[in-house]
Each structure stands twice: as structure tokens, then as C-alpha cells.
Amino acid sequence: MLYHLLYISEESSFFDQQRDMEDILKTSQKNNVSAQLTGILIKNDKFFIQLLEGDSKSVEKMYTKISKDRRHKSIRKLLEYKSKERIFPRWSMGYVNLDSKNDNEIKLKEIIPFIHKDIIKLKSSKEKILSILKNFNSAS
Ligand SMILES: Cc1cc2nc3c(=O)[nH]c(=O)nc-3n(C[C@H](O)[C@H](O)[C@H](O)COP(=O)(O)O)c2cc1C
């Protein structure tokens, strides 16, 4: 069984979009391949949303490491679940910057402030986020 973990966090004052985003993606792609982790990292002007998928030990270990990264703060798990399949089997860490205007991005942009303010508490609403994320895969 594969383990999936979805979290949201907020960029900190240590984060520099130009310098750090490239570094995070390079490091992620290298480390995630060897840890057999896949997933997607979404960034808007303020928040990160990341889905990590892999075996439970690798996901937890990576989440612990990522949680300690000073470049973001207020990290909060949104969903954890088991499933047989990966959503992003081909992405060691896909990256989506929510700056364009396709439908998936607009949907996510609208939902992010609500997630952050904890307005979305119901599991079904969180699963809505997952279903939006899944669309990014089919669009790839
Ligand atoms: C929002 C965010 C997401 C990250 N995602 C990953 C990831 O998926 N994989 C990874 O190896 N590092 C990720 N990092 C970076 C880690 O926190 C850490 O800097 C890195 O894994 C250190 O790699 P090293 O031990 O090879 O130097 C992320 C950092 C941030 C701020």
C-alpha cells in the first residue's frame, strides 16, 4: 500500500522565489527519486501545497525533514490516506506555479485561502482539493 500525505504551508521571510524555488525542485527531484517518492508541489504568491506519495516510512521521513525547513512556516497536514496507486507516477516532484489562468489553477486559487483559514474542515471538502490535484496530472 502507498501512503499519501497532503499539507499546506506558508512561505516565510527566508524564502526567495527565484533562488529557493529552483533549489527546492532540484533537491526534491534528486532525493525523491532515490526515496521512490512522487507528488506535486503547488505554489501561489503565499502558500505551498504539497502531496507526497510513497511508502509510509519514506513519506513520514521526508515530511519531518520538510517541516524543519525555515523557508516555510505554519505547516499543517490536510489529509493522510492509503491507496494502491500513485496519482503522479511520473513526477518525482511536479511543480505548478499558480500564475496562469487555466481552470484547475483558478479552482485551486479560490480554495486556498479557505483551506488556510481552516474554514474547510470536512474531509469531503479536502478531498475536493485532491480531485483538483488529480486534474493536473491528466493535463500533463
Ligand atoms: C515547500 C517545500 C517543499 C519541499 N519538498 C521537498 C521534497 O519533496 N523533497 C526533498 O528532498 N526536499 C524538499 N524540500 C527541501 C527540504 O526541506 C530540504 O531542504 C532538502 O530535502 C535537503 O536536502 P539534502 O539533505 O539533500 O541537502 C522542500 C522544501 C520546501 C520549503
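A few notes on this one:
- When L98 is tested against (1) on the phi > 0 side of the Ramachandran plot; (2) more than 13 Å from the ligand (Cβ to nearest atom), just one condition goes unmet, and that condition is (1).
Each row is one residue, and each column tells you yes or no for (1) within 8 Å of the ligand (Cβ to nearest atom); (2) in contact with a His (Cβ under 8 Å, 6 or more places away or on another chain).
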position: E10; (1), (2): no, yes
position: M21; (1), (2): no, no
position: K30; (1), (2): yes, no
position: I42; (1), (2): no, no
position: K46; (1), (2): no, no
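- Of residues in the range 98-129 being among the polar types (S, T, N, Q) and modelled with pLDDT of 75 or more, the one surrounded by the fewest Cβ atoms within 10 Å (Cβ to Cβ): N102
- Residue tally, condition of a type outside the set (D, E, K, R), over 10 Å from the mean Cα position of the chain (by Cα) and either crowded, with 20+ Cβ neighbours inside 10 Å or modelled with pLDDT of 95 or more (or both), over the range 22-46: 12
- Just one of (1) over 21 Å from K126 (Cα atoms); (2) free of Cβ contacts under 8 Å to residues at least 60 places away in the same chain; (3) hydroxyl-bearing (S, T, Y) fails for T38. It is (1).
- Taken together, E80, E110, E60 contain a single residue that is of a type in the set (D, E), within 14 Å of the ligand (Cβ to nearest atom), out of contact with any Phe, Trp or Tyr (no Cβ under 6 Å at 6 or more places or on another chain) and on the phi < 0 side of the Ramachandran plot, which is E60.
- When the range 1-19 is limited to residues that are in contact with a Phe, Trp or Tyr (Cβ under 8 Å, 6 or more places away or on another chain) and of a type in the set (D, E), the one that is surrounded by the fewest Cβ atoms within 10 Å (Cβ to Cβ) turns out to be E10.
- Yes/no for L52 being more than 10 Å from the ligand (Cβ to nearest atom) and within 21 Å of L98 (Cα to Cα): no
- Verdict on S92 being hydroxyl-bearing (S, T, Y), touching a Leu at 6+ places or on another chain (Cβ under 8 Å) and touching a residue at least 40 places away in the same chain (Cβ under 8 Å): yes
- L6, sole failed condition from (1) hydrophobic (A, V, I, L, M, F, W, C); (2) within 11 Å of the ligand (Cβ to nearest atom); (3) part of a strand (DSSP E or B); (4) under 17 Å from V96 (Cβ atoms): (2)
- L37 vs. criteria near the ligand (Cβ under 10 Å from one of its atoms) and not small (G, A, S): yes
The values are calculated or read from the model by the stated rules, or taken from the named source; none is laboratory data. This structure is a prediction, so every number in the text was calculated from the model and none was measured. Glycine also receives a Cβ, built like all others from the backbone with ideal geometry; neighbour counts cover every protein chain displayed.
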